[in-house]
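Colleague: Shown below is the structure under consideration.
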Amino acid sequence: MAVQLSVAVRNARLDAIETAIGTAAVLKIRTGAAPADVATADSGTVLASLTLPSDWLAAASSGSKAKSGTWQDTSADATGTAAHFRIYASDGTTAHLQGTVTATGGGGDLTLDNVSIASGQSVTISSFSLVDANA
């Protein structure tokens, strides 16, 4: 039998992620494949960089935690196809989370209405959530 956790424990683990990363976290959307793990150096070109709202994730509920507030870059940094993202501490260099980017309905960890980004365009995150395992 696999280890199972109560909803309360799963929610606490999820809420601890936002606490550990901190307020004013920075999200960078990049081209290319994600690095092997979060400790590996950045890869790809930064297409968009967003400073997330102070309370950037809603309180965990039922073992899940979704984005809170508007996640938007009003002027993209470069042109390219979004493929992965990283979320950093407020310093913009200490990576804590990474995942895939797809268009809405594409099954990525983070979704955009369009993964083709042009320099200077507005980029808005459609959806992002974390789900804790071991239910």
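Colleague: For segment 69-111, how many residues meet the condition of being in contact (Cβ under 8 Å) with a residue 60 or more places away in the chain and in contact with a Ser or Thr (Cβ under 6 Å, 6 or more places away or on another chain)?
Modeller: Going through segment 69-111 one residue at a time, the tally reaches 1.
Colleague: Here is a further query. List the strands (runs of 3 or more DSSP E) inside segment 47-135, counting only whole elements, that have at least 1 residues being open to solvent by 30 Å² or more (accessible area, probe 1.4 Å).
Modeller: Once the strands (runs of 3 or more DSSP E) in segment 47-135 are filtered for at least 1 residues that are open to solvent by 30 Å² or more (accessible area, probe 1.4 Å), what remains is 64-66, 95-103, 123-131.
Colleague: Kindly check whether there is at least one residue in segment 83-92 that is closer than 30 Å to A8 by Cβ and acidic (D, E).
Modeller: Just the residues of segment 83-92 that are closer than 30 Å to A8 by Cβ, to begin with: 85-90.
Right, trim to acidic (D, E) and you get none.
The answer is no, given that none of the residues of segment 83-92 is closer than 30 Å to A8 by Cβ and acidic (D, E).
Colleague: Can you tell me which residues in segment 81-108 are in contact with a Gly (Cβ under 8 Å, 6 or more places away or on another chain) and either at pLDDT below 95 or among the small types (G, A, S) (or both)?
Modeller: Within segment 81-108, A83, A89, S90, G99, G108 qualify.
Colleague: Just name the residue that is farthest from S119 (Cα to Cα) out of those in segment 13-35 that are touching an Asp or Glu at 6+ places or on another chain (Cβ under 9 Å) and not in a strand (DSSP E or B).
Modeller: Result: R13.
The values are calculated or read from the model by the stated rules, or taken from the named source; none is laboratory data. Bear in mind the structure is a predicted one, so any value in this text is a computation, not a measurement. When we count neighbours, we look across all protein chains shown, and the Cβ atoms used for this are built from the backbone with ideal geometry, even at glycine. We work out accessible area using only protein heavy atoms, side chains counted, and drop any ligands, DNA or RNA first. Shrake-Rupley method; radii C 1.70, N 1.55, O 1.52, S 1.80 Å.
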